[in-house]
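Beneath this line is the structure, given in structure tokens, with notes to follow.
Laboratory data are not the source of any read-out in this text; all were calculated from the coordinates shown. Quick caveat: nothing in here was measured; it's all calculated off a predicted structure. We place every Cβ from the backbone using ideal geometry, glycine too, and count neighbours over all the protein chains shown.
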Amino acid sequence: MKSMTGYGNATELRGGREITAEIRSVNNRYLDCSVKLPRAYSFVEEAAKQLIKKHISRGKVDVYITVISREGTEVEISVNRPVLEGYLTALRSIAKEYDLRDDITVGSLARMPDVFLVDKANPDEEQIQKDILAVLEAALNRYDKMREQEGAALAADLRAKAAGILSLVEQVEARSPVTLAEYRKRLTERLQEVLGDRNIDDSRILTEAAIYADKIAVDEETVRLRSHLNQLDRMLSSEEPIGRKLDFLMQEMNRETNTIGSKGNDLEQARTVVEMKAELEKIREQIQNIE
């Protein structure tokens with residue numbers, strides 16, 4: 001399990017170029033990927049996005065790639081000999097004609113316009129793309145490692161919260177028969193107050209108790225909650241992205257908890273349901289960080 005929040009970077013010298021890839025991500029419902037490259041290397045952008053998609057399925061991801069030439073591989077500089085020789089001829093002619101000292105230097109000639117030809121080298125785009133993607137892959141591996149570490153911490157926290165909810169579910173299950181017994185006792189006492197010394201119809205009490213028991217029964221809801229908690233535990237061990245599945249699972253668990261809360265009018269059980277909803281909300285907030 002991985003967190004959607006992460007960071008990773010890598011820098012390598014390849015083909016005379018220093019390539020750096022940096023990745024940052026935050027939570028997002030879908031994958032929103034932005035890749036920033038130097039304009040001269042924009043041809044790598046689509047391949048970079050495809051590589052990123054193999055590692056990331058959800059989150060707002062910003063990728064920054066810089067490429068710095070370290071060995072002059074991007075340009076070729078040569079002497080424009082016809083122009084240089086033209087300058088030399090003209091300068092020597094001036095010196096001779098006007099009886100001037102011939103102080104021509106390399107520095108003075110280098111400052112003359114068009115003495116040098118600057119040609120951009122024909123880059124091997126396929127090799128450059130391979131080099132950039134290799135560095136990006138290294139950054140993605142570090143990024144994934146950080147997200148896995150955070151994911152493990154999240155999984156441990158969610159399991160602890162799930163155990164707390166299971167304990168509350170057990171309290172609800174234990175409270176149900178007590179609630180029914182208390183209702184039956186109150187019903188008997190009320191009938192005794194109304195009927196006085198007359199005999200109480202036990203069958204009527206049993207019937208009323210049965211109707212009430214059906215009304216407050218939460219067996220189905222607690223069974224489903226237990227099933228959802230087991231499913232949550234299995235998901236936390238999954239090798240696949242589970243964030244969206246967890247969102248749906250939390251909706252189902254909230255639905256069952258709300259149904260339990262709507263049944264009966266027992267104060268103690270109502271308090272337990274409030275605790276359950278509070279723990280579920282904590283889980284819901286945490287899973288927003290999961291890919």
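The distance separating the Cα centre of the range 114-161 from that of the range 83-108 comes to 55 Å.
By a straight-distance test (C-alpha under 29 Å), which lysines pair with Lys161 as possible cross-link partners, with residues fewer than eight away in the same chain excluded? Within the straight-line cut-off, Lys161 pairs with Lys2, Lys60, Lys145, Lys245, Lys263, Lys277, Lys282.
Around Gly151, with a cut-off of 13 angstrom between Cβ atoms, what is the net charge of the other residues, counting Lys and Arg +1 and Asp and Glu -1? The partial results should precede the final answer.
Values: positive: Lys2, Arg58, Lys145, Arg147, Arg159; negative: Asp144, Glu148, Glu150, Asp157, Glu239, Glu240, Glu291.
Here the count lands on -2.
Farthest towards the positive end of the charge dipole of the range 93-181, among the residues Val169, Gln149, Ile94, is the Cα of Val169, using unit charges on the Cβ of Lys, Arg, Asp and Glu.
Positive contributions from Lys and Arg (+1) and negative ones from Asp and Glu (-1), summed over other residues with Cβ under 13 Å from the Cβ of Gly6, come out at +1.
Using the reciprocal of the averaged 1/r over all distinct C-alpha pairs, how large is the Kirkwood radius of the range 75-120 in Å? Spell out each step's value before the answer.
Values: mean 1/r = 0.0870 Å⁻¹.
Kirkwood hydrodynamic radius for the range 75-120: 11.5 Å.
The listed peptides 59-69, 88-98, ordered by packing as a protection proxy, come out as 59-69, 88-98 (highest mean of other Cβ atoms within 10 Å first). This ranking places Glu275, Glu126 by how few other beta-carbon atoms lie within 10 Å of each, fewest first, which gives Glu126, Glu275.
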